[in-house]
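First comes the structure, then the notes that go with it.
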Amino acid sequence: MSQDAVTPRYLPADWPLPEITAANRAFFTAGRLTLQRCRSCAQVQHPPHDICHHCQADTFDYVAASGLGTIDNVTIVHHAGDPRLADRVPYNVVIVTPDDHPDVRIVGNVVGADTVPVEIGAIEIGAPVRCVFTEVPDPDTGETLTLPQWELDQRDVARPVS
Amino acid sequence: MLGSTAVTGIGESRYYRAGRSPQSAAAMAATAVHAAIADASLAVDDVDGIVTYHPDQHDSAQLWSWLGLGELRFSAKAWGGGGNSGASAVQIADAAVTAGYARNVVVFRSLHQGAEGRYGRYNQTARPARGDAFLVPFGAAMPVVKNALLIKKFMHRHGITQEALADIALASYFHAQRNPRAVMYGKPLTREAYHASRWIAEPLHLYDCCQESDGACAVIVSSADQAPDLRQPPAWLLAGATGMHAGGGLWAFNDTDYPSGRLAPVGRQLWERAGIRPTDVDVAQFYENFTGSTLIAISDIGFCGPGEVEAFVSGKNLHFDGGVLPFNTSGGNIAEAYIHGLQLMVEAVRQIRGTSTSQVPGARLSLFVAGPGTPPSSAVLLSADAP
């Protein structure tokens, strides 16, 4: 499946969407996995921010990543903690490290048409994933947001995760 | 710091489940602060400074005036997230008194989660910004979800099992059964009941989570010269520390040294300033918002390596009666009450005085650690012996 595959929103439609800023617009609207790179020192940092945490410069490029990644961490949430989630539990939250930027950690959800996994064993640390996107209109501006999400991928990977 | 200050007074309101207190946060603060002043045998006008932490719902001028206190000479708030600042607030009071800016500084925390909103819930409608923009839209909104991820990764990396989490919960409930002030007094917990309890966010069960509470507590930090004339035996402040390592505050799990608790520097600073080793500590109170947080804190701060922590906490090792490291002897956030962790500081003082309901015999060195949670983290070390 290509990186621009579109998947329905994993969490309910009334669950909060991010506030879009100059720094995070590319990540949330590019429609492919996009990371922030400092124009001065060329370091990639995530989440994107107004200043570079390495050299404190404040101009950036936004670079495409392959969209292939590895599950670094996972939890299954069973208790809603908010009425908007009451009908959605259990749901998973994962941390993914992009294979081409292994020092970056991206929080998201594993999604999949026929596998909404509810057992922690179904999503294992070290499992390969591939980025897909949820398209949803910005509730304030109407701009199309593309939330990066993840599908379990069958490719072989040899990158161990400790 | 070493020899310049002591905790001379402690005070508490009654502790309740969230929403059950008939008193407001201000009224409970008044109860706790005036109880601490009376406990110290100070006059109201002797107290001349105030410190708290968290975006508390009151500002210091208002609260100070409502409490009928005298001329204010020092006011500060610890800067940082949540309960991690509990010991930092005490350290700030210590620094102010040591510097001579005030003579008796009250450190307090008062919460009415019934009125303020329960800390375990999200319930926010504004679109998440900054680091939260990379967490909340994906469901990492409630504190338990973020902590579950940190704890899960720590356990995975270091081969820690669910039994270690159970040991923390069981020690907390064991001590709470001896403490009539504890909300969970009279409600003992078994290992079977722990494992049978529902998941909140894996690997955290219900009993891995701190309570949501209403209540207030306060301690008074006084200059050393007054301590001999006051009613209570002084709990000498040997050392305080607040900090984290470089890069510890980066957003959304991109902090350096993940999955640590980011409080190794707090341990190093504390042991160096106090001139002791972790093995010298007689009793410890850890801010356990979740059980696994304590496993991380125990290893971060230097009691053992992360791979050794499961053995370190197993069996009765955390019990007051003969444990290797008696832990949360009032029941802690999990089984006494969650007064944002400052009630752990009150218990640390009781251990020095010999008045805990789970008193560690002959306790001379008493530790309070606030972290990992949201950095910077903090810790203070108390001594029964004048430095």
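The values are calculated or read from the model by the stated rules, or taken from the named source; none is laboratory data. Remember, it's a predicted structure, so these values are computed and weren't measured experimentally. Quick reminder, even Gly has a Cβ in these numbers, built from the backbone with ideal geometry, and neighbours come from all protein chains shown. We work out accessible area using only protein heavy atoms, side chains counted, and drop any ligands, DNA or RNA first. Shrake-Rupley method; radii C 1.70, N 1.55, O 1.52, S 1.80 Å.
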Computed E for residue B:311/residue B:2 - FRET, C-beta separation, R0 30 angstrom, nearest 0.05:
0.35
Check: C-alpha center region A:19-91 vs C-alpha center region B:83-153, spacing in Å is 23
Those residues of region B:219-266 for which accessible area with every protein chain present is at least 50 Å² below the isolated value (1.4 Å probe)
B:251, B:254, B:258
Measuring from label point to label point, each 7 Å out along Cα→Cβ, what is the residue A:21 to residue B:277 span in nm?
4.6
26 Å Cα-Cα reach of residue B:77 towards lysines, excluding residues that sit fewer than 8 places from it in its own chain
B:146
Using θ = phi - 60° and the Karplus curve 6.51 cos²θ - 1.76 cosθ + 1.60, what whole-Hz ³J(HN,Hα) does each residue of region B:331-339 get, with Gly and Pro shown as x?
x, x, 4, 6, 10, 8, 6, 9, 9
All-pairs Cα distance distribution in region B:258-319, expressed in whole percent, bin size 10 Å
21, 58, 21, 0
Would you calculate the separation in nanometres between label points at residue B:386 and residue A:88, each defined as 7 Å from the Cα along the Cα-to-beta-carbon direction?
6.1
Could you provide, to the nearest whole Å², the per residue accessible area of region B:52-143 with probe 1.4 Å?
41
At a Förster radius of 41 Å, what calculated FRET efficiency corresponds to the Cβ-Cβ distance of residue B:191 and residue A:155, to the nearest 0.05?
0.45
To the nearest Å², the heavy-atom accessible area per residue of region A:1-95 with 1.4 Å probe amounts to 41
Place a point 7 Å from the Cα of residue B:163 along the Cα-to-Cβ direction; which residues of region B:311-337 have their backbone N under 16 Å from it?
B:311-318
Rounded to whole Å², per residue accessible area for region B:217-326 with a 1.4 Å probe reads 34
At R0 = 22 Å, FRET efficiency that the Cβ-Cβ distance of residue A:32 and residue A:59 yields, to 0.05:
0.50
Interface residues of region B:142-164, defined as losing at least 40 Å² of accessible area versus the chain alone with a 1.4 Å probe, are B:142, B:149, B:152, B:153, B:156
Can you pull the percent of chain B's accessible area that's carbon plus sulfur, 1.4 Å probe, other chains left in place?
53
List the lysines whose alpha-carbon lies under 20 Å from that of residue B:316, not counting same-chain residues fewer than 8 positions away?
B:187
Ignoring solvent entirely, what values of log10 I(q)/I(0) come out of the Debye formula for the protein assembly as shown at 0.11, 0.13 Å⁻¹ when each Cα is a single scatterer?
-0.96, -1.25
As a test of the definition: with a 1.4 Å probe, what buried accessible area, both sides summed, do you compute for A against B, in Å² to the nearest 100?
3600
Applying the gyration tensor rule to the Cα atoms of region B:124-180 (axes a ≥ b ≥ c; rounded if a/c under 1.5, else prolate if a/b exceeds b/c, else oblate), the class is oblate
For region B:36-138, which chymotrypsin sites (Phe, Trp or Tyr not before Pro) are both in a DSSP coil and crowded by at most 16 other Cβ atoms within 10 Å?
B:79, B:101
Inter-probe distance in nm under a simple model that places probes 7 Å from Cα toward Cβ, at residue B:126 and residue B:246:
3.3
Let me know the shape class of region B:136-258, please: from the alpha-carbon gyration tensor, a ≥ b ≥ c as square roots of the eigenvalues, rounded when a/c is under 1.5, otherwise prolate if a/b is greater than b/c, or oblate.
oblate
Cβ neighbours within 10 Å from other chains - mean over B:117-126
3
Threshold 40 Å², probe 1.4 Å: give the residues of region A:36-50, in number order, that are less accessible with all protein chains present than with their chain alone.
A:47
Expected-Rg normalisation [2.2 N^0.38 Å, Cα atoms] applied to chain A:
1.05
